[in-house]
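Beneath this line is the structure, given in structure tokens, with notes to follow.
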Amino acid sequence: MSTPSVTPFVDLRSDTVTRPTPAMRAAMLDAEVGDDVYGEDPTVAALEARALALFAGPGSRLTSAVFVPTGVMANHIGLRMNAAPGEEVVCDAEAHIVAHEDAGLALHAGVQTRTTLTDRGLLTAAQLDRLIRPHAPYTVGTKVVELENTHNRGGGSVYPLETLREIRALADERGVAVHVDGARIWNAHVASGTALGAYGEIADTLAVCLSKGLGAPVGSVLLLPAEKRESARVLRHRLGGGWRQAGILAAAGLYALDHHIERMAEDHANAALLAAGLRERGLEVRGPETNIVLVDVPADAAGVAGRCRAQGVLLGPTGPRTLRAITHLDVTDKSVAQAAQVIADCV
Ligand SMILES: *Cc1c(COP(=O)(O)O)cnc(C)c1O
């Protein structure tokens, strides 16, 4: 028998579900705009400069930025700046670019991915040392290493800075580039205390999301070397991402960078609260390292998620026996405490 649906009181499916706050909307309303395809939107320019300043430092390779509609597009363009069609990117087997981008990289970029299984999605320099291979007759050579920080399917796991530095050194030694999918790099920064500038020294290209925990309605920024900026903008246009008065959206991103980074500590505290509540009730929980909680259930994760939905808690099943709960701007400590009880009951 099906339970009647109730209005959800907490949406833990993703941190993409956040809605712009009134102050963010006010910033959008006031944004000065122009045509960004002509490079004439001052608010887009301000956002790109601001994002770049956060990651730029003396040792950084990132010297310019391009505002793009989505994280998928930022990854796609970033990877294509380092690998041409017919070339290869290596990454972990649970990477977002492999699991959640509808094979866009294969279809639109013609780039091959080669993967390996890892602990929590985090590659090590030793694994990459075995994976990276030089071009030879009949052998596709590796052009780029892709890292995801934090790692989504790995449970919001954070790369230790030391590991990133070892990987950067290996990439230099082997002559390959590094692309970082930093959709949630903000969470990594807040959880580990690593300066964003230190992350800027690791990547040749870095994709960051404004529309996840930061709470902007739309948008990602691709950081890259200045000499690649024009070709990145051409590819963005080719993919249908040439937008016009995008300053309205950039204003939300600027607001988020100014006001919503450090507050992610609250999301991490709420995730820890949820995990503790679930463990108290005997559930098997992984993490959290940041804002993602993975719950292992004996069977039928989709069925459990369906029962939770009927009780007002929205969750994502991410495998036959795994549920994922993500905390964000629109989640409170009270609602996660209640959610822990509902989830335990439904399991
Ligand atoms: C959400 C996400 C993206 C891309 O997101 P869009 O929905 O395209 O903005 C990329 N990488 C990771 C790890 C993500 O979680």
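Coordinate-derived values only; no laboratory data. None of these values were measured; they are calculated from a predicted model. For neighbour counting, all protein chains shown are included, and Cβ atoms are generated from backbone atoms with ideal geometry for every residue, glycine included.
What to note about this one:
- Proximal lysines to K143, defined as alpha-carbon separation beneath 25 angstrom and excluding residues fewer than eight positions away on the same chain: K228
- Within the stretch 123-214: Cβ-based charge dipole about Cα centre, in debye rounded to nearest 20 (Lys, Arg +1; Asp, Glu -1): 240 debye
- Taking each DSSP H run with n ≥ 4 as -39500 (n - 2.57) and averaging over every residue of the chain yields -11500 deg cm²/dmol at 222 nm.
- Whichever lysines have a C-alpha closer than 25 Å to that of K334, once near sequence neighbours (fewer than 8 apart) are set aside: K212
- Whole-angstrom gap from the stretch 234-282 to the stretch 45-115, using each part's C-alpha centre: 17 Å
- Inter-label distance, A84 to E162: 4.0 nm, where each label sits 7 Å from its Cα along the C-beta direction.
- With the convex hull drawn around the C-alpha atoms of the chain, the volume per residue stands at 143 Å³.
- Residue (of M24, A106, T163) at the positive-pole extreme of the chain, dipole from beta-carbon charges: A106
- From most to least packed by mean Cβ count within 10 Å, the peptides 99-107, 47-55, 287-295 give 287-295, 47-55, 99-107.
- In terms of its C-alpha gyration tensor, the stretch 54-181 has a rounded overall shape, because the principal axis ratio a/c (a ≥ b ≥ c, square roots of the eigenvalues) stays below 1.5.
- When you count the other C-beta atoms within 10 angstrom of each residue and take the mean per peptide, 126-136, 13-23 line up highest first as 13-23, 126-136.
- Simple spin-label estimate for Y138 and D345 gives 6.4 nm between the two label positions (7 Å along the Cα-to-Cβ direction from each Cα).
- Here the extension length gained between R279 and D172 equals 34.2 nm, from 0.36 nm per residue of separation less the Cα-Cα distance.
- Placing +1 on each Lys and Arg Cβ and -1 on each Asp and Glu Cβ, with no other charges, gives the stretch 16-83 a dipole about its Cα centre of roughly 440 debye.
- Take 185-191, 268-274 and order them by the average number of nearby Cβ atoms within 10 Å per residue, most first; the result is 185-191, 268-274.
- Think of each Lys and Arg Cβ as +1 and each Asp and Glu Cβ as -1; about the Cα centre, that makes the dipole of the chain roughly 500 debye.
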